[in-house]
Every structure is written in C-alpha cells, then in structure tokens.
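Novice: Encoded as structure tokens, here's the structure I'll be asking about.
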Amino acid sequence: MKRFLYSLVLLAVASSATAAGSGKLPSFLNKKNNTAVTAVKKNTATAKKNTAAVAKNADAIYESVRQQYAQGKISADSVVNLALYHKVWNRGLAERCLSLVANDRNPRAETELGVLYAFSPNDKSRVNDGLKLLQAAAQAGYNQANGYLGYYYFQNKDYTRAKSYFDALHPMSQGIEYAALGSMYLEGNGVPADGAKARDSYLKSAMLGLPRGMALYASLLGTNNGGNFNYPDAFFWHYLAGELGDNYSRVMLYRPRVPEAAASDEVGQDAQQALTWIETVHKGTKLQNEPIYKEGFLKGLKAREQAAERGDDWSRFYLAGMNYNGDFLNQNYAQAMRYYEPIAKNGKLPRPMLALVHERLAEMYRDGKGTGVNAAEAARHSRIAAQYGSLPSYIIVENIQY
C-alpha cells in the first residue's frame with residue numbers, strides 16, 4: 001500500500017506536466033478567500049480550542065461520565081460515543097472512558113479500546129493488550145473486531161493471517177476490509193495480483209462509505225490501474241471522499257485540507273507525507289488546466305446532474321456538496337437543500353454520508369441558509385445526524401459544553 005501511495009504522488013506530477021489550456025471558470029476559482037478556505041480555517045480554530053478545553057477539564061469530564069454510567073443515567077453506547085468524540089481531542093480521556101465499559105465486557109467498547117491500543121504509532125507497549133481486546137470482542141461475535149484484526153495484520157504485512165480474519169467476516173460490512181483487500185490484490189500480497197479484483201474491492205469499500213476506499217478507487221480510475229480508466233468518475237469519487245474528510249482526495253482536487261489528528265499508523269504517516277509532496281507539486285499550477293478538472297469535472301457534470309434529476313442519491317450528494325461549499329459551482333444553499341432533502345428522506349446512502357447530510361440540513365435550518373429559520377427542523381436533523389454518528393451533532397444533542 002505504501003508503494004501505491006507513492007505512485008499516486010507520481011500521478012500528480014504527471015498531471016501537472018501535461019496541464020494545458022483554459023476555459024470559462026466558475027466565480028469561486030477567482031476568489032482569493034473562497035468559502036471552503038474560510039470554513040477550514042474556522043474548523044482549525046475550533047479544533048485547537050476544543051483540544052485545549054478538553055485537556056484542561058479531562059479529569060472533571062471523566063468523573064462526570066463515570067458517575068453517570070455507574071448510576072445508570074447513560075448507556076454503554078453513550079459512553080463509547082463520548083469516548084469516540086474525545087478521541088479526536090484527547091486520547092487519554094477517550095481511553096479512560098472506553099475502559100469503563102470494556103471492563104464490563106462490552107464488545108463494542110473492547111473493539112474501540114483495542115483499536116486505540118493496537119494502532120497507536122507512539123505507544124507500542126499496549127499493542128498486545130489491544131489485540132487481546134479485539135480477539136475477545138471477535139469471539140463474542142462482534143463482527144467489526146474481525147475486520148480490525150485483519151487490518152492490523154495487513155498493516156504488519158502478515159497477509160495470510162489478514163486474509164483469514166477477512167474470510168471470517170460474515171458479512172464483510174466495513175469498508176476498511178475491502179480497502180485492505182484491494183491493496184492486497186493490487187500488489188499481489190497474500191493473494192494473486194489482480195487489478196480487476198483490486199478495483200472491485202475498492203469500489204465495494206467506497207460503496208460502504210469509507211472515504212479512503214473512495215480515494216483509492218478514484219485513484220485507480222485516474223491511472224487506469226484495474227483496467228477501467230474514467231476521469232469523470234475519478235473526480236466524482238475524489239470529491240465524495242473529500243466531503244467525508246479524506247485529505248488525500250481534497251489535495252488531489254486542490255481543496256484545502258481539513259484538520260486531522262496525528263496519523264494512527266505507519267501508512268497514515270506516509271500518506272500525510274505524500275500530501276505535502278502533492279501540495280508542493282501543485283504549487284504554482286492552476287486547477288482549470290489540470291486533466292482532473294477538464295476531463296473529470298467539466299465532462300462529467302452534466303451526466304451527474306441528469307442522474308440527480310432521475311433520483312440518484314449519490315449524484316445528489318455530489319452536487320449538494322458543491323453547492324453547499326461553493327466548490328466547483330457557485331455557492332447556492334437553496335440548491336444544496338433541494339438535493340439534500342430527498343437524500344435524508346430516502347435514507348439509503350451509507351451512514352457517514354447520511355450523518356453529513358443531516359448535519360448540514362440542521363445547520364441550514366438553524367441559520368436560515370437557503371430556507372427560513374426553523375429551530376424544530378434543525379433539532380430534528382441534529383438528532384438524526386447524531387444517531388448516524390455525526391460527532392458535532394452529538395455535541396449539540398447532548399449539550400456538551402466546554
């Protein structure tokens with residue numbers, strides 16, 4: 001996988017070398033401070049503020065969670081949800097919260113705590129503890145634990161054992177497993193090299209809503225690995241991955257990075273380094289001259305608009321994001337809402353995508369963006385977004401204060 005990440009950097013170099021031509025640009029390309037950059041700066045400031053606040057109040061937060069859990073005021077799932085939120089800002093606090101529930105042999109908490117230990121880049125002393133927790137959860141029938149065990153051995157190049165854990169999954173319901181299998185097929189690690197199977201595995205990962213799976217599938221489509229060169233679809237999947245926070249795809253489309261935690265493993269660290277290389281390659285180039293824009297976005301836009309009008313929620317999500325962010329199309333909240341509303345009603349997209357849809361609908365109703373202010377609708381969408389895993393919405397619903 002590491003070699004594949006580096007090959008993607010070469011793709012960026014090749015794209016820059018072949019750039020030529022120009023065209024009529026949407027107004028966002030001529031703005032010095034577009035909405036997306038402003039939003040990312042705001043998110044970065046919020047991240048720094050929350051990190052400092054959680055660190056200052058970690059003991060008090062933990063004691064509050066401990067007491068509420070002991071008194072039965074919050075469920076085990078609520079403790080895990082809180083821990084996953086705190087994991088973003090304070091790893092130690094997340095560990096303490098997860099341990100509360102893992103000690104009661106809760107498979108979900110055991111799995112999340114196992115992941116925290118097994119995939120830590122800075123503390124190798126707890127790896128065996130992490131693997132034991134994951135194995136206990138797997139033996140208790142928690143399917144996701146098998147997936148993480150497979151991914152752990154994949155990361156450590158024990159491909160035979162990784163494949164055995166992937167084979168134990170019934171069904172393979174996590175995008176991370178398909179992403180790992182795709183890389184195994186691409187490189188011929190533990191399985192015969194097969195570009196078509198790599199492409200199909202990455203697509204399955206993408207369809208399950210994993211941002212990195214989307215990014216890897218997009219990169220295959222943009223380099224003809226796997227035998228299916230398609231720039232419009234490469235752009236489409238890169239944009240979706242970027243919407244869900246994958247900074248690799250955001251950089252590939254010249255979008256600003258979103259705040260990210262420290263990489264949790266060696267491959268993640270390599271990927272972050274690769275991002276810096278790509279941004280260096282991009283420096284001084286113009287997006288409108290790049291094939292990913294000319295051959296991808298421009299040639300694929302009409303087909304996606306037609307698909308959205310026919311009811312395709314994936315295309316609606318793609319276009320809604322552009323209208324909401326002011327990316328590649330001029331910002332239009334009313335149009336974004338027109339696309340987001342049927343997605344929310346249908347509820348057929350993967351959970352991470354639905355979480356973002358409801359999160360943004362809540363914001364638009366709360367702030368009157370593209371519609372009238374409607375506090376009740378904003379609250380309803382926040383509750384649904386939190387149920388789908390939106391951490392910002394979970395904070396709102398639970399009224400978490402810092």
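Each value in this text was obtained by applying a stated rule to the coordinates, not by laboratory testing. Keep in mind the model is a prediction, meaning the values are calculated, not measured. Here the Cβ positions follow ideal geometry from the backbone for every residue, glycine too, while neighbour counts run over all protein chains shown.
Novice: Determine, from the Cβ-Cβ distance of Ala140 and Glu295 and an R0 of 41 Å, the FRET efficiency 1/(1 + (r/R0)^6), rounded to the nearest 0.05.
Specialist: 0.25
Novice: Shifting gears a bit: Report the extension gain between Glu260 and Gln273 in nm, rounded to one decimal, defined as 0.36 nm multiplied by the number of residues separating them, less their alpha carbon distance. Please report the intermediate quantities before stating the final value.
Specialist: Values: separation 13, 0.36 × 13 = 4.68 nm, distance 1.30 nm.
This chain segment gains 3.4 nm when fully extended.
Novice: Take peptides 241-253, 94-106, 155-167, 59-71 and line them up by average Cβ neighbours within 10 Å, highest first, as a rough protection proxy.
Specialist: Details: 241-253: 23.5, 94-106: 20.1, 155-167: 16.6, 59-71: 13.9.
The packing order, highest mean first, is 241-253, 94-106, 155-167, 59-71.
Novice: Please list, in order along segment 283-300, the HN-Hα scalar couplings obtained from phi with the Karplus expression 6.51 cos²θ - 1.76 cosθ + 1.60 (θ = phi - 60°), rounded to whole Hz, x for Gly and Pro.
Specialist: After applying 6.51 cos²θ - 1.76 cosθ + 1.60, I find 4, x, 9, 10, 4, 5, 8, 7, x, 4, 8, 5, 8, x, 5, 4, 7, x Hz.
Novice: As an exercise, use a Förster radius of 30 Å and the Cβ-Cβ distance of Lys302 and Lys345 to find the FRET efficiency, rounded to the nearest 0.05. Please list the in-between numbers first.
Specialist: Values: r = 25 Å, r/R0 = 0.84.
So, using R0 = 30 Å, E works out to roughly 0.75.
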